[in-house]
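The values are calculated or read from the model by the stated rules, or taken from the named source; none is laboratory data. Note that the structure is predicted; figures quoted are calculated from it, not measured. Neighbour counts are summed over all protein chains in view; Cβ atoms, including those assigned to glycine, are modelled from backbone coordinates with ideal geometry.
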Amino acid sequence: MVRKIGVFFGGLLLGLLATGLLILFISEPRGTPVVLLPPPTPGPIQVHVAGAVVNPGVYELPNGSIVREAIEQAGGTLDAAAIDWINLAATLVDGQQITVPFQADEDDQANLPKPESKTYDGGVLNINTATAPELEMLPGIGPSLAQKIVDYRDKNGPFQKPEDITRVSGIGPAKFEQIQDLICVR
């Protein structure tokens, strides 16, 4: 008797399972399918071109433009421009300011940063590639703090966004506010 009941319930369970699977396979899908959209195309960027250019101002350029193209949009440089002091091939970022310096007399040139720096992008310092001496050019960053930035970067990897520099001991909100427009990450 117990065996007959066990066989009955086993058959019933197997029948219900087969019916459920049959319904699952033959039924129409419910709801609407998920449609994945392509990633948005980056729009144009706006940069501020200032200094020794014909028409200083804010210009809209295609994403991926370089400093040279922004200067051309501003009408080119003046005769008094010290164009060798900026990186014309640097890629622009939205909201960036490019300052084309004027030629300085010999006394003033001694105080200018060296043009060989490969971490400047039109006046913005890439904190992921800057050396300690280059970081010292930022306001409020001395030799000790510059070295802390380099050490932090070497230990923890590159900064993902400029705000990440506040994780370095000695750089708080006030210091970051001083340098935020002068730094970038790439």
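Observations on the model:
- Residue count for region 128-186, restricted to those that are hydrophobic (A, V, I, L, M, F, W, C), more than 17 Å from the chain's Cα centre (by Cα) and outside any helix (DSSP H, G or I): 5
- Pro33 of a type outside the set (A, V, I, L, M, F, W, C), without any contact (Cβ under 8 Å) to a residue 60 or more places away in the chain, surrounded by fewer than 17 Cβ atoms within 10 Å (Cβ to Cβ) and not assigned by TED's automatic domain parsing to the domain that holds Ala90: yes
Here is a yes/no grid of residues against (1) aliphatic (A, V, I, L, M); (2) touching a residue at least 40 places away in the same chain (Cβ under 8 Å); (3) surrounded by 10 or more Cβ atoms within 10 Å (Cβ to Cβ):
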{"residue": "Val7", "(1), (2), (3)": "yes, no, yes"}
{"residue": "Leu13", "(1), (2), (3)": "yes, no, yes"}
{"residue": "Ile26", "(1), (2), (3)": "yes, no, no"}
{"residue": "Asn55", "(1), (2), (3)": "no, no, yes"}
{"residue": "Arg68", "(1), (2), (3)": "no, no, yes"}
{"residue": "Gly76", "(1), (2), (3)": "no, no, yes"}
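- Pro39 being under 34 Å from the mean Cα position of the chain (by Cα) and either outside the structural domain of Leu88 (by TED's automatic domain parsing) or loosely packed, with under 10 Cβ neighbours inside 10 Å (or both): yes
- Filtered by the rule that a residue be farther than 17 Å from Asn126 by Cβ and either surrounded by fewer than 14 Cβ atoms within 10 Å (Cβ to Cβ) or among the acidic types (Asp, Glu) (or both), region 79-96 gives Asp79, Ala80, Asp84.
- Test: residue in region 56-79 that is modelled with pLDDT of 90 or more and among the aromatic types (Phe, Trp, Tyr): yes
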